[in-house]
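Report on one structure; see the data block that follows.
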Amino acid sequence: MSRTLLIIKPDAVERNLIGHIIARLERAGFRVLAMQMIKMSVDGAREFYAVHRGKPFYDNLVAFMTSGPVVPVLLEKENAVADLRALVGATNPEEAACGTIRSDIARSTERNSVHASDSDENAAREIAFFFP
Ligand code: CMP
């Protein structure tokens, strides 16, 4: 078993899609170990996305992620990181495979409804960030 982190982003929370997303995760075999609803601080969002500092979308990303509540979810499954990335789909919903969460509900590359850790190393860091 391994662990990964998913964040339900403000655009999905605002559209009442928390339950929809959690149901899809459970149907795909993920176990929810912990979850919470929080409003990220600007400093917290800047730190969480520090790897993107300096990129053209960084300031807008931080503004979006602090624009409303988010729901970080700690998940467990065999091959959790890769399986969650496959379920979530590409960053740009127009490039996301049919049947993925982003293909079905994301609005744009920025408002893409969910975040999923991209490696075991980042999953450990991101899990510790929200669930110390
Ligand atoms: P996420 O998986 O949360 O990781 C970084 C986020 O930056 C990404 O999803 C998008 O929401 C956002 N983003 C905005 N513009 C871009 C871009 N051009 N390339 C990658 N990510 C972007």
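Starting from the Cα gyration tensor of region 31-88, take the square roots of the eigenvalues, sort them a ≥ b ≥ c, and report rounded, prolate or oblate (rounded when a/c is under 1.5, otherwise prolate if a/b is larger than b/c, else oblate).
Oblate is the answer for region 31-88, as a/c is 1.5 or above yet b/c matches or exceeds a/b.
Express the accessible area of the chain per residue in Å², computed with a 1.4 Å probe while the remaining protein chains stay in the model.
Accessible area per residue: 52 Å².
Which value, in debye to the nearest 20, gives the size of the charge dipole of the chain about its Cα centre, when Lys and Arg are +1 and Asp and Glu are -1 at the Cβ? Numbers along the way, then the final one.
Details: 16 positive and 17 negative charges, 44 e Å.
It comes to approximately 220 debye.
At a 1.4 Å probe radius, carbon and sulfur cover how many percent of the accessible area of the chain?
About 49 percent, which is the carbon plus sulfur part of the accessible surface.
How many angstrom lie between the Cα centre of region 102-132 and the Cα centre of region 76-98?
Spelled out, the Cα-based centre of one part sits 10 Å from the other.
About its Cα centre, how strong a charge dipole does region 47-90 have in debye, to the nearest 20, once Lys and Arg get +1 and Asp and Glu get -1 at the Cβ?
Using Cβ point charges on Lys, Arg, Asp and Glu, region 47-90 gives about 160 debye.
What list of ³J(HN,Hα) values in whole Hz, one per residue of region 16-21 in order, does the Karplus curve 6.51 cos²θ - 1.76 cosθ + 1.60 (θ = phi - 60°) give from phi, with Gly and Pro shown as x?
6, 9, 4, x, 4, 5
Identify, among Y58, G19, M35, the residue whose Cα sits farthest towards the positive end of the charge dipole of region 2-130, taking +1 on the Cβ of Lys and Arg and -1 on the Cβ of Asp and Glu, with the dipole about the Cα centre.
After comparing all options, I get G19.
Does the chain come out rounded, prolate or oblate, given a ≥ b ≥ c as the square roots of the eigenvalues of its C-alpha gyration tensor, rounded meaning a/c under 1.5 and, failing that, prolate meaning a/b above b/c?
rounded
The values are calculated or read from the model by the stated rules, or taken from the named source; none is laboratory data. Computed from a prediction, not measured in an experiment: that's the story for all the values here. Here Cβ is always computed from backbone atoms with ideal geometry, including for glycine, and neighbour counts include all displayed protein chains. Ligands, DNA and RNA are excluded from the accessible area calculation, which covers all protein heavy atoms including side chains. Shrake-Rupley method; radii C 1.70, N 1.55, O 1.52, S 1.80 Å.
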